[in-house]
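Chemist: The structure is given below, and queries will be raised subsequently.
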Amino acid sequence: MSTFLTVLVFALPVLALVAAVFVAARTLKKTGSARRAFSRHFITLVMAIVLCLAFTFVAAAAPSTPDVDPAAAGAAVTAAADNGSGMATGMGFLAAALSIGLAAIGAGIALSAGAPAAIGAVSEDPKSFGKSMIFVVLGEAVAIYGLIIAILIILKIPNLPALG
């Protein structure tokens, strides 16, 4: 049963993300409207994230081995808590990943609007280079803020496991 659960936990989220990419490519080809394509892709992406989180909780709630002595199981749980593994550690890493990922998406949106405008302004008046670069740097700062928040979250994870 645990092998099936392991395959289920890893395979289904990967399939959900592949489906999200497939739906995005298909929707962008078929629809002429960016709004419709974005809304369809957003719904698929939310469903993929929900599936990933659901299977994470299922894997965390499943018993590790059914034929284990209760005293040995208690020692294993204590050792796992000492090593820093557990739901709190996983959620901390998930929060760090979301903060940096969403900040990078926001920076990309800001740069997609600010950089072409800055290039146009500089091409018309080369003296406006400094002023236009401020807007580009402000957009990129959003990603740096997300990185800082991710580092702060990772540093606050209790019993962080050793990486070596």
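The values are calculated or read from the model by the stated rules, or taken from the named source; none is laboratory data. Predicted model, so just to flag it, every value in this text is computed and none were measured. Heavy atoms of the whole protein, side chains included, go into the accessibility calculation; ligands, DNA and RNA do not. Shrake-Rupley method; radii C 1.70, N 1.55, O 1.52, S 1.80 Å.
Chemist: Of everything in the range 129-161 that's over 20 Å from the mean Cα position of the chain (by Cα) and open to solvent by 100 Å² or more (accessible area, probe 1.4 Å), which residue is modelled with the lowest pLDDT?
Modeler: Phe135
Chemist: Which numbered condition trips up Glu124, out of (1) at pLDDT 85 or above; (2) within 28 Å of the chain's Cα centre (by Cα)?
Modeler: (2)
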